[in-house]
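Nothing in this text is a laboratory measurement; each read-out follows from the coordinates by a stated rule. Fair warning: this is a prediction, and the values are worked out from it, not measured in the lab. Reconstructed Cβ throughout: ideal geometry from the backbone, glycine too, with neighbour counts over all protein chains shown.
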Amino acid sequence: MYLKIAKRTAKMAFEEYSSSRRGVWYVDGIVVVYNNHPYAARFPELRDQETAEFRTRIRETGITELAYAIYPPMGQEDGGYTYAMLLAASEDQMETIRDILQAVIMDSWAIIHATLPTMLKVHDRRVIDSNGTHIPTP
């Protein structure tokens, strides 16, 4: 039963919430965590590592994973792009779950920042490196 719900939820997150990288929902005694961010080709194992760490930290709180599903199925275009994980948790535990998810994501970003020589972002047509220094642009 839970696997069916996880599959439907992963499909819904893929089709209706693709602009959102991640989310946490509470529905009838179940917390749903979804992820629409498989990371770039430079970090093909990062989401799996992130998910494993999230599972470890969730278990440490006593929260039980009920089901996990991906969408689209592997072998199809964009296979595995989205996952949904169902957790047996109360609405009161959502803040804890969000905090754990945020901490795990920050750990992933630390890996990315340590790996890439310079992280760049564009702001108001200026390019700023990870130290906040403006880089001249044409």
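Highest mean first, the peptides 85-95, 15-25 sorted by other C-beta atoms within 10 Å per residue fall in the order 85-95, 15-25. Which residues does the label zone of F43 cover in region 80-115, counting backbone N under 11 Å from a point 7 Å along Cα→Cβ? Residues 105-115 qualify, since their backbone N sits under 11 Å from the label point. Listed by Cβ neighbour count within 10 Å, with the fewest neighbours leading, T96, T9, T61 appear as T61, T96, T9. Using only Cα atoms, locate the centre of region 91-106 and the centre of region 3-77, then give the distance between them in Å, rounded to an integer. Taking the Cα centre of region 3-77 as reference, the centre of region 91-106 is 14 Å away.
Normalised by 2.2 N^0.38 Å, where N is the number of residues, the alpha-carbon radius of gyration of region 54-101 equals 1.35.
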